Amino acid sequence: MGLADDVVSGFDSIDLESLDERARLMQRINRKYVLDAGQLQAFMRAMQPHFDALEIDGSRRFEYSNVYLDSPRLATFVAHNQGRRKRFKLRFRRYCDSDEQFFEVKIKGFRGETVKYRMPVESSACHCGILSPELTDFLNASLDRHDYRRPVGRMRPVIEVRYRRMTLVDRHEPVRVTIDSDIIFAAGERRDALPSCRHIVEIKSAQGRSLADRWLLGRRVRPVKQCSKYGMGVNLLLAAHRNTRFSPVIRRQFSPALP
């Protein structure tokens, strides 16, 4: 992950239940930043007096697996690539360390906020990636709340994204920070990965600005748009011949040669 042990252990710990009580943030504004190893270590050291780190069974870094669903014509990806105001993403999320699994619907709101709906599922649902009638009803109900059009045709697994994550939570405000590293994409037999020396830091808050945002902006590190792991993965594996909105982000932010 590129973090020294003292940086990881320098935070006070918090358990999952306390983190959810403090900052569950199912409706929030997200800002993503791409940091190299040096920037990340400086950022983490600066956050130690203000944030606690999620710790479960003595571990502070966890492996995630997201299986994203889309239509045969990649309608969800196309909506994101075109920057439509009404767009959503579907995925099965597996917390590999605990083997907890959820079906999630992430909806982009009109004011730029993200609203997430989730329900627990059995492992078989994640493996087959097929929406049962119960999950289809859950999806439709989630979209109906926002007056979104229901998807046409069968939604199917398109790509898997695996990564390691560390989560921080602000001690005084409803703010969470996630640090994603070692990001790997898979679609059938095709594989690709982002450079391990680059890390995606996502700051999730109710208002959109936090101490963590201000610290980064004060050092001229600005949010990166079109930094969706799903979007970049589809670009790399399924749309490499196309110049999408994600192509410049991959070239500019995830070159191993960048200082």
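The values are calculated or read from the model by the stated rules, or taken from the named source; none is laboratory data. In this text, all values refer to a predicted model and were calculated from it rather than measured experimentally. Neighbour counts run over all protein chains shown; Cβ positions are idealised from the backbone, glycine included. Heavy atoms of the whole protein, side chains included, go into the accessibility calculation; ligands, DNA and RNA do not. Shrake-Rupley method; radii C 1.70, N 1.55, O 1.52, S 1.80 Å.
Only loop residues by DSSP count here, and only those with at most 13 other Cβ atoms within 10 Å; note down the GluC sites (Glu not before Pro) in region 135-222 that meet that.
Working: sites: GLU160, GLU189, GLU202; in loops: GLU189.
Passing sites in region 135-222 are GLU189.
Please list, in order, the residues from region 197-214 whose amide nitrogen is less than 19 Å from a point placed 7 Å along the Cα→Cβ vector of GLN27. Under cut-off, by backbone N: 204-209.
With a Förster radius of 30 Å, plug the Cβ-Cβ distance of ALA240 and ASP97 into 1/(1 + (r/R0)^6) and report the FRET value to the nearest 0.05. Efficiency computed from Cβ-Cβ geometry: 0.40. Of SER132, SER205, the residue with the largest accessible area leads and the full order is SER132, SER205 (1.4 Å probe). With a 1.4 Å probe and every protein chain kept in, tell me what percent of the accessible surface of region 76-137 is carbon plus sulfur. After summing per-atom areas, the C and S share lands at 49 percent. If a/c stays under 1.5 just call it rounded; otherwise compare a/b with b/c (prolate if a/b is bigger, oblate if not). Do that for region 91-218, with a ≥ b ≥ c from the square roots of the Cα gyration tensor eigenvalues. Judged from the Cα gyration tensor, region 91-218 comes out oblate (a/c at least 1.5, b/c at or above a/b).
One Cα centroid belongs to region 86-150, the other to region 178-232; the line between them spans 21 Å. As an exercise, use a Förster radius of 30 Å and the Cβ-Cβ distance of SER255 and ARG214 to find the FRET efficiency, rounded to the nearest 0.05. According to the calculation, E is roughly 0.65.
Largest accessible area first, the residues ASP99, ASP5 order themselves as ASP5, ASP99 under a 1.4 Å probe with ligands, DNA and RNA left out.
Figure note: SER13, SER247 ranked by solvent-accessible area, largest first, 1.4 Å probe, ligands and nucleic acids not counted: SER13, SER247. Calculated accessible area for region 1-139 comes out at 47 Å² per residue, all protein chains present (probe 1.4 Å; ligands, DNA, RNA ignored). Using the Cβ-Cβ distance between ARG118 and ASP192 with R0 set to 35 Å, the FRET efficiency works out to roughly 0.80.
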